[in-house]
Amino acid sequence: MKVLVAGGAGYIGSVVTAALVQADHEAVVLDDLSTGHRDAVPDGVSFVESSLSDVSKVLTRDAGFDAVIHLAAKSLVGESEQRPELYWRENVGGAMDLLDAMRAADVRRIVFSSSSATYGNPEVVPIEEDARTEPTSVYGATKLTIDHMLTGEARVHGLAAVSLRYFNAAGAAYGLGERHATETHLIPIALQVVTGAREKLSVYGTDYPTPDGTCIRDYIHVADLAAAHLLTLEVVQPGEHRIYNLGSGSGYSVRDVVAAVREVTGHPVPVEDGPRRPGDPAKLVASSARIAQDVGWAARHGLTDMVSDAYEVLTARLLN
Ligand code: UDP
């Protein structure tokens, strides 16, 4: 297939692009490089520096695209609470531009990167796809809005659409890892402590109703995420909007993750117990039973792989 990867210079998008190339698809990356990196786009892949507002210039009828994988978005929960208008404009406005362009060019297949943030504070864990969706952040609300848009587009215009609700993406693949200007995520921050870029890690809250008092999350290897994009892209049918959770089904606390980082790297990771971060639910764990049943996907990599792969890519980058 010829696939337009919107957001393909970002962390997850670049790994998805590399996986497409490896599977002999033709990928074209569109990215405005607001947070992505040009050098994360695999060699030999066409790259267009553009925002989604100009996507119709690339996604033309003559260009011969079969599908779109859409990962271009603002993705910081905290920032979305400070600048909601930016998140509505970029995420929802961008998706509207993309869907308009797809309709005009008759490109009728999409896989969209949705999020576990669409659920908010779950009533039941593990979280299934028909759980209540009450996002607790603007970021989550924009992702849920786009999911609703895809449902309508599939029903009314016959789009073949998939929303993949990622839990906590981590790890690295094809030499590509996380490289955010402002790092907020647990595993990269713990690895910054290991490499000396940061003195210590703050544990955000130790009084949650969990066995060790710290938050529990479901970490999922970016290579497993990429595999889910490729699998679902092939099987979704016109008029369907499929929604799938992507997680490992295992929960790890902040202290579990720090212990894994110590073990994998052999370095100490000094921590400081701090207050809760506003908006963090105590426990988020996915049920990925639906995608397992429908397309046979399951997470293959555990927490140790995620930490060691991320560490390997980070140290290689520091040496270069
Ligand atoms: N966390 C932490 N210290 C940090 C960064 C994160 O204790 O410096 C915690 C955070 O409160 C959450 C978990 O680690 O419980 C995962 O956070 P992350 O930002 O990686 O992902 P999120 O679950 O927010 O998407």
Can you find a residue that is closer than 27 Å to G279 by Cα, hydrophobic (A, V, I, L, M, F, W, C) and more than 10 Å from the ligand (Cβ to nearest atom) anywhere in segment 182-190? no
Considering segment 271-320, residues that are at pLDDT below 95 and small (G, A, S), and then whichever is farthest from D212 (Cα to Cα), we arrive at A316
Do the conditions hold for G78, that is, is it on the phi > 0 side of the Ramachandran plot and not aromatic (F, W, Y)? no
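Matching residues to (1) closer than 22 Å to V269 by Cα; (2) at pLDDT 95 or above; (3) part of a loop (DSSP other than H, G, I, E, B):
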{"site": "S114", "(1), (2), (3)": "no, yes, no"}
{"site": "Y139", "(1), (2), (3)": "no, yes, no"}
{"site": "K143", "(1), (2), (3)": "no, yes, no"}
{"site": "M149", "(1), (2), (3)": "no, yes, no"}
{"site": "L164", "(1), (2), (3)": "no, yes, no"}
{"site": "A181", "(1), (2), (3)": "yes, no, yes"}
{"site": "I187", "(1), (2), (3)": "yes, yes, no"}
{"site": "A190", "(1), (2), (3)": "yes, yes, no"}
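Name the single residue, out of those in segment 270-288 being more than 11 Å from the ligand (Cβ to nearest atom) and in a loop (DSSP other than H, G, I, E, B), that is nearest to E199 (Cα to Cα). Don't jump to the end; show me each part of the working.
Filtering segment 270-288 down to residues more than 11 Å from the ligand (Cβ to nearest atom) leaves 270, 285-288.
Within this subset, residues satisfying the condition of being in a loop (DSSP other than H, G, I, E, B) are 270, 285, 287-288.
Details: P270: 7, V285: 30, S287: 36, S288: 36 Å.
Residue satisfying both the conditions and the ranking: P270.
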Inspect all residues belonging to segment 214-225 and state whether any of them is more than 13 Å from the ligand (Cβ to nearest atom), among the acidic types (D, E) and within 18 Å of the chain's Cα centre (by Cα). yes
Where in segment 19-92 are there strands (runs of 3 or more DSSP E), lying wholly inside it, with at least 3 residues that are surrounded by fewer than 22 Cβ atoms within 10 Å (Cβ to Cβ) and within 16 Å of the ligand (Cβ to nearest atom)? none
Contact list please: Cβ distance under 6 Å, first residue in segment 65-77 and charged (D, E, K, R), second residue not in a helix (DSSP H, G or I), pairs at least six apart or on different chains. D66/M1; D66/K2
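The values are calculated or read from the model by the stated rules, or taken from the named source; none is laboratory data. Source: prediction; values computed, not measured. Here the Cβ is made from the backbone with ideal geometry for all residues, glycine too, and neighbour counts use every protein chain on show.
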